[in-house]
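Worksheet: one structure, shown below.
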Amino acid sequence: MKKAIVTGITGQDAAYLAKLLLSKNYKVYGTYKKENDLSFWRLQELGVEDHPHLELLEYDLLDLDATMDMFKSLKPDEVYNLAAQSHVPKSFEAPIETVGATGLGVLHILEAIRYVDTNIKLFQASSSEIFGKTHIYPQTEETKFYPRNPYGVSKAFAHMMSINYRETYGIFACIGILYNHESPLRGEAFVTRKITSSVAKIKLGQLDVLKLGNLDAKRDWGYAQEYAQAMYLMMQEEVPQTYILATNRVQTVRDFVIMAFKAVDIELEFRGSDENEFAIDLKTRKVVLEVNPIFYRPLEKELLIGNPKKIQERLGWQAKTSLEEICKIMLKADLERCLR
Ligand code: F7E
């Protein structure tokens, strides 16, 4: 039985990955940090929380001794590093915490691999945020980094450190540069889930108005479950690679808002502009959406869109679920949650 450690087990991606690895008969050790919100609702929703081959372990990514002890005692074949402080606005408020979890964390893992067993394979979750202020569209694995927030800077550090250990010590460190990827398991701090959860509540009369920031921000949005499959595929290769995981299609927050309301039969009419923009429900004439500048972000102008050609050609992986389908899947889950 193969053994995998998945860090950040309370998160969206780790839940999908754990389920996938369990279905492939792995023993999975999911690690979480004590102080974090200790909710395993994602594993519960996927029906794997009590799986006999899943063990949940408390572990601090920034404790090198603990990392080495864990590798010595568990002897994992694969380590998937999905733990991070992943919320971009929070990275401006808490840059030091972000650099720790998102940047330095992987260095502890790489060091432990170097000292304990260089045959342990590592998957490092990188991010499109490393490209930040780019003028190359779509971005590829070769595009120059120019991160624009502490989260992106931390991911760029972790990315380059993984490549450095790959090249210096021959460690199998593969890297997925993940663009936005959504699902019903997304946290409500992120815009798609904030929208679907609020639209479900508005539909059921549990909320009046959805308040959002920049409606014209564009993102390359894929389906998280498919991105977890790509992580697994990358780890099965002989030689570690770096791959872009993206759809090569961008849509605006406004598009997603329209899709979400439409999925519950609410047609919108937008009025006003900039921070005075709002939208009404055409049937009831009630305001259901308002722009609120507190959700605006600094330095957000560039377009992040990824070219997934390399992974498509080498591993046959492709993002298949459209944003319209993702939106419907998310709304269905949120409506059900509201009715529970
Ligand atoms: O924002 C705009 C906001 O918070 C998407 C993380 O997984 O993907 C994610 O980072 C867009 C931004 O994700 C609201 O300005 C408008 O343009 O869902 P988000 P993100 O910052 O793109 C990357 C690839 C990662 O690696 C990250 O870990 O939506 N937006 N109004 C809003 N965003 C939020 N959160 N809330 C709003 O009210």
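Our estimate of slack between Lys262 and Glu141, defined as 0.36 nm per intervening residue step minus the Cα-Cα distance, is 40.0 nm.
Orientation-averaged projection of the chain equals 16.7 nm² [convex hull of Cα atoms, one quarter of hull surface area].
What region 1-119 shows is 45 Å² of accessible area per residue, with the surface traced by a 1.4 Å probe over protein heavy atoms.
Please work out whether region 1-102 counts as rounded, prolate or oblate from its C-alpha gyration tensor, where a ≥ b ≥ c are the square roots of the eigenvalues and a/c under 1.5 means rounded, while otherwise a/b larger than b/c means prolate and anything else oblate? Verdict is oblate for region 1-102. FRET efficiency for the Lys24 to Thr284 pair, using the beta carbon distance and R₀ = 56 Å, is estimated at 0.70. If you take every residue apart from Ser86 with its C-beta less than 11 Å away from the C-beta of Ser86, what net charge results, scoring Lys and Arg +1 and Asp and Glu -1? So the environment of Ser86 carries a net charge of +1.
Reported to the nearest whole Å, the Cα centre-to-centre distance from region 222-270 to region 74-101 is 21.
Indicate the gyration tensor shape class of region 69-223 (rounded, prolate or oblate), computed on the Cα atoms with a ≥ b ≥ c the square roots of the eigenvalues: a/c under 1.5 is rounded; otherwise a/b larger than b/c is prolate and the rest oblate. Because a/c hits 1.5 or more and a/b exceeds b/c, region 69-223 counts as prolate. Here the Debye sum runs over all C-alpha atoms of region 219-340 as equal scatterers in vacuum, and log10 of I(q)/I(0) at q = 0.18, 0.20 Å⁻¹ comes out as -1.07, -1.17.
Count Lys and Arg as plus one, Asp and Glu as minus one, and take only other residues whose Cβ is under 13 Å from that of Ser154; the net charge is then +1.
Assuming a ≥ b ≥ c are the square roots of the Cα gyration tensor eigenvalues, decide whether region 135-293 counts as rounded (a/c under 1.5), prolate (otherwise, with a/b larger than b/c) or oblate. Prolate, because a/c is 1.5 or more and a/b exceeds b/c. Overall, the accessible surface of the chain at a probe of 1.4 angstrom is composed of carbon and sulfur to the extent of 50 percent. Beyond 17 Å, what share of the Cα-Cα pairs of region 15-68 is found? Please give it as a whole percent. The answer is 39 percent, as a whole percent.
Of the residues Pro52, Pro184, Pro95, the one that moves most in a GNM of the chain with alpha-carbon contacts below 10 Å is Pro52. Glu226 contributes an accessible area of around 20 Å² to the protein surface, as traced by a 1.4 Å probe with all chains present. Across region 215-292, the relative contact order, built from alpha-carbon pairs under 8 Å that are at least six residues apart, equals 24 percent. Taking every C-alpha pair closer than 8 Å and separated by at least 6 residues, the mean separation divided by the residue count of the chain gives a relative contact order of 17 percent. Leu339 sits with roughly 130 Å² accessible to a 1.4 Å probe, with DNA, RNA and ligands left out of the calculation.
For a modelled paramagnetic label at Lys332, 7 Å from Cα along Cα-to-Cβ, the residues of region 231-269 in reach, with backbone nitrogen under 14 Å, are 263-264.
The values are calculated or read from the model by the stated rules, or taken from the named source; none is laboratory data. Note that the structure is predicted; figures quoted are calculated from it, not measured. With ideal geometry, Cβ positions are generated from the backbone for all residues, glycine too; neighbour counts draw on all protein chains shown. Please note that ligands, DNA and RNA were not included when accessible areas were found on the heavy atoms of the full protein model with its side chains. Shrake-Rupley method; radii C 1.70, N 1.55, O 1.52, S 1.80 Å.
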